[in-house]
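Some notes on the structure that comes next.
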Amino acid sequence: MKKPVVLIIDGQGGRIGKLLSEQLSQKSDQIELICIGTNSIATSTMMKAGSARGATGENAVVVNCRKADFIIGPIGIAIADSMLGEITPAMACAVGQSNAVRLLIPFNHCGSVIVGVGTASIKDLILQTITELERQLNVWSEV
């Protein structure tokens, strides 16, 4: 059976992607993990955290969103011009139009306020995301 493709997208310094990559690289027997940075620093940070495959930039986001089964990243990856302008309209469109299950992590940064998020720590949000991905992978494997 084909392993599901899990795509992490992050930008700026790649801190969120790094935390995700550290957790998900331990599941290499269950998933194919790909990390895409909107810049080379973010990609490098995620690769150092354990991802075996990675790339950088708009085209990498667009191409890999087409083949992903799951897309994980901060909510800004789905909003054009977010993350201080690193997310291009083409990137946001690729995330939004992908057939993948999107696990978007809510952060009140970069001019967006996400009502109802509260003050959960990054660590807690990452843990919740990993837990939800595991639940989704169980559903995916049953199909």
Report summary line: Listed by first then second residue, the pairs whose first member lies in region 69-88 and is without any contact (Cβ under 8 Å) to a residue 60 or more places away in the chain, whose partner is in a helix (DSSP H, G or I) and buried (at least 19 other Cβ atoms within 10 Å of the Cβ), with beta carbons under 6 Å and at least 6 positions apart or on separate chains, are Ala78/Val95; Ser82/Gly76
**Report entry** Scope region 78-108; condition of a type in the set (Gly, Ala, Ser) and within 14 Å of the chain's Cα centre (by Cα); matching residues
**Finding:** Ala78, Ala92, Ala94, Gly96, Ser98, Ala100
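Could you please give the count of residues in region 119-141 that are aliphatic (A, V, I, L, M) and touching a residue at least 40 places away in the same chain (Cβ under 8 Å)? Show your work before the answer.
Taking region 119-141 as the starting set, the residues that turn out to be aliphatic (A, V, I, L, M) are 120, 122, 125-127, 130, 133, 137, 139.
Of the ones still in play, those that are also touching a residue at least 40 places away in the same chain (Cβ under 8 Å) are 122, 126, 130, 133, 137.
Counting residues in region 119-141 that are aliphatic (A, V, I, L, M) and touching a residue at least 40 places away in the same chain (Cβ under 8 Å) gives 5.
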Report summary line: Among the residues of region 1-20, the number that are in a loop (DSSP other than H, G, I, E, B), under 13 Å from the mean Cα position of the chain (by Cα) and at negative phi is 1
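From the set of residues in region 21-35 that are over 12 Å from the mean Cα position of the chain (by Cα) and outside any helix (DSSP H, G or I), which is nearest to Ala55 (Cα to Cα)? Spell out how you get there, then give the answer.
At the first step, the residues of region 21-35 found to be over 12 Å from the mean Cα position of the chain (by Cα) are 22-23, 25-32.
Those left that are additionally outside any helix (DSSP H, G or I): 28-32.
Values: Ser28: 18, Asp29: 21, Gln30: 21, Ile31: 18, Glu32: 14 Å.
Filtering region 21-35 for residues that are over 12 Å from the mean Cα position of the chain (by Cα) and outside any helix (DSSP H, G or I), the one nearest to Ala55 (Cα to Cα) comes out as Glu32.
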Query raised in the report: Does Leu19 satisfy the criteria of being in contact with a strand residue (DSSP E or B) (Cβ under 8 Å, 6 or more places away or on another chain) and not polar (S, T, N, Q)?
Result: no
Report summary line: Exactly one of Gln97, Gln12 is out of contact with any Gly (no Cβ under 8 Å at 6 or more places or on another chain), in contact (Cβ under 8 Å) with a residue 12 or more places away in the chain and within 25 Å of Val139 (Cα to Cα), and that one is Gln97
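Take region 1-24 and flag every residue that is small (Gly, Ala, Ser) and surrounded by fewer than 17 Cβ atoms within 10 Å (Cβ to Cβ). Let's see the steps before the verdict.
We begin by selecting, within region 1-24, every residue small (Gly, Ala, Ser); these are 11, 13-14, 17, 21.
The one that is small (Gly, Ala, Ser) and surrounded by fewer than 17 Cβ atoms within 10 Å (Cβ to Cβ): Gly13.
Mind telling me which of the residues Val95, Val115 ends up being closer than 23 Å to Gly13 by Cβ and aliphatic (A, V, I, L, M)?
Values: Val115 fails: closer than 23 Å to Gly13 by Cβ.
Criteria check complete, one pass: Val95.
Looking at Arg15, Arg66, can you tell me which residue is among the basic types (Lys, Arg) and more than 22 Å from Gly96 (Cβ to Cβ)?
Values: Arg66 fails: more than 22 Å from Gly96 (Cβ to Cβ).
Answer to the selection: Arg15.
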Query raised in the report: Out of all the residues in region 33-52, is one or more of a type in the set (A, V, I, L, M) and touching a residue at least 60 places away in the same chain (Cβ under 8 Å)?
Result: no
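Only the coordinates and a few stated rules stand behind these numbers; no lab work does. Everything quoted here is computed from the prediction, not taken from an experiment. Note that we place each Cβ from the backbone using ideal geometry, even for glycine, and neighbour counts take in every protein chain shown.
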